[in-house]
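Following: one structure in structure tokens, then a few remarks.
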Amino acid sequence: MSGGEVAGILVAVFWAILVSFLAVALARLAQTLRATTRLVADVTDQAVPLLADASSAVRSAQTQIERVDAIASDVQEVTSNASALSTTVASTFGGPLVKVAAFGYGVRRAVSGRKEDTSARTPGRTVIVGRAVPGMRRAGRTRGKKD
């Protein structure tokens, strides 16, 4: 065997090892691609129904929001009407009711004043002329001095 033949055998062995490494790497790459394809298919199979459910939930939420918006506008209208009614009632009945209450108060005062006039003939307090009532100060004295 000559040196060229040995070199040829070494090159052939090197190429055989290189080809087998490449074959193993390609086999593993193919296996990884198959697993990835399976994973993507499974995710797609599960994602499509989830997206459909999410879309349905969003539509339902939109419907509920529209209903709440309608209810809120109705409540606002009712509040506005109640405020207008309250203002109308206050302006319609408020002034006359105040006048009637004032009139009633005046009548009561007048009637009670008449009763006091009749009882004024018999005084409720007794005044003693010329005597000092204990605890009362006379005019002209300073504070702190007693009778």
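I'd like the full set of residues that are at pLDDT 70 or above and among the hydrophobic types (A, V, I, L, M, F, W, C), limited to the range 94-126. Can you show your working first?
Here is the first cut: in the range 94-126, the ones at pLDDT 70 or above are 94-114.
If the condition is that a residue be at pLDDT 70 or above and among the hydrophobic types (A, V, I, L, M, F, W, C), then Leu97, Val98, Val100, Ala101, Ala102, Phe103, Val107, Ala110, Val111 are the ones that fit.
How about the range 72-93: which of its residues are open to solvent by less than 100 Å² (accessible area, probe 1.4 Å) and modelled with pLDDT of 90 or more?
If the condition is that a residue be open to solvent by less than 100 Å² (accessible area, probe 1.4 Å) and modelled with pLDDT of 90 or more, then Ala72, Ser73, Asp74, Val75, Val78, Thr79, Ser80, Asn81, Ala82, Ser83, Ala84 are the ones that fit.
Considering each residue of the range 38-74, count those that are among the charged types (D, E, K, R) and under 28 Å from the mean Cα position of the chain (by Cα), and give that number.
Quick first cut of the range 38-74, residues among the charged types (D, E, K, R) only: 38, 42, 45, 53, 59, 66-67, 69, 74.
With under 28 Å from the mean Cα position of the chain (by Cα) added as a condition, the list becomes 59, 66-67, 69, 74.
The qualifying residues number 5.
Per-residue answers, yes or no, for (1) assigned to a helix (DSSP H, G or I); (2) open to solvent by 60 Å² or more (accessible area, probe 1.4 Å); (3) out of contact with any Lys or Arg (no Cβ under 7 Å at 6 or more places or on another chain); (4) of a type in the set (Asp, Glu):
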site: Ala30; (1), (2), (3), (4): yes, no, yes, no
site: Leu33; (1), (2), (3), (4): yes, yes, yes, no
site: Asp45; (1), (2), (3), (4): yes, yes, yes, yes
site: Pro49; (1), (2), (3), (4): yes, yes, yes, no
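The values are calculated or read from the model by the stated rules, or taken from the named source; none is laboratory data. It should be emphasised that the depicted structure is a prediction, and the values quoted were computed from it without experimental measurement. No Cβ is skipped: glycine too gets one built from the backbone with ideal geometry, and neighbour counts run over all protein chains shown. The accessibility values were calculated without ligands, DNA or RNA, using every heavy atom of the protein model including side chains. Shrake-Rupley method; radii C 1.70, N 1.55, O 1.52, S 1.80 Å.
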